[in-house]
1. Only loop residues by DSSP count here, and only those with at most 12 other Cβ atoms within 10 Å; note down the chymotrypsin sites (Phe, Trp or Tyr not before Pro) in segment 25-124 that meet that.
2. Report the trypsin sites (Lys or Arg not before Pro) located in segment 1-60 that are in a DSSP loop and have at most 11 other Cβ atoms inside 10 Å of their Cβ, or state none.
3. Would you mind checking the tilt of helix 22-64 against the longest principal axis of the Cα atoms of the chain, expressed as 0 to 90 degrees and rounded to 10?
4. Structure shown: which of 56/83; 83/117; 44/64 lie over 20 Å apart, alpha-carbon to alpha-carbon?
5. Give the shape of segment 1-68 as rounded, prolate or oblate, defined through the alpha-carbon gyration tensor: a ≥ b ≥ c are the square roots of its eigenvalues, a/c under 1.5 means rounded, and otherwise the shape is prolate if a/b is larger than b/c and oblate if not.
6. With r as the distance between the Cβ atoms of residue 87 and residue 55 and R0 = 22 Å, compute the FRET efficiency 1/(1 + (r/R0)^6) and round to 0.05.
7. Once the other residues with Cβ under 15 Å from the Cβ of residue 39 are scored (Lys, Arg +1; Asp, Glu -1), what is the net sum?
8. Only loop residues by DSSP count here, and only those with at most 14 other Cβ atoms within 10 Å; note down the GluC sites (Glu not before Pro) in segment 19-99 that meet that.
Amino acid sequence: MGKESFNVFFTELTKTEKQSLQLTADVLKTRQQLEATIQGLQPKICEGLNVINTIKQEKQAIDKHQADILANKAFEFEVDGFKQILVPLESGVYVTNCLTCNRICHYPCGIPNDRDKRGCAAMNSDGYCNICSPKKMLLE
């Protein structure tokens, strides 16, 4: 009974239409590129929000010193700033850095060697960074 079932299975298997897995691989690659793009956009969004916050603080200071401005008097004010800090990576954790923008384009990246970064989800096949700007070269 078991042998007969296997014979029927393999006979039917040879009759089935073959399907390419290329579409599945393309979908997976596109998904990885989208995830890398979203990860790359998050710091830019935070930076934009910080700029908006700085502008709001400057507007509040101008409104507060409106009388001084109209009287053409000098005044000073302080605004909170944004500062990037260097964070050391743990052993075995890799990133893709854009040398043009000095930003992390893909974290964590599964590709440890810089010369192989063309295979990174944040890169296209020509070596351009898809996160910062498709026009800027990551690898030179």
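1. 75, 77, 82
2. Numbers: sites: 3, 15, 18, 29, 31, 44, 56, 59; in loops: 18.
Filter output for segment 1-60: 18.
3. With both axes taken from Cα atoms, the answer is about 10 degrees.
4. Where the Cα-Cα span goes over 20 Å, the pairs concerned are 83/117; 44/64.
5. The shape class here is prolate.
6. On the way: r = 27 Å, r/R0 = 1.24.
Between residue 55 and residue 87 the formula returns 0.20.
7. +1
8. 76, 78, 90
No value in this document is a laboratory result; all are computed from the given coordinates. Being a predicted model, the structure only gives us computed values, none of them experimental. Here the Cβ is made from the backbone with ideal geometry for all residues, glycine too, and neighbour counts use every protein chain on show.
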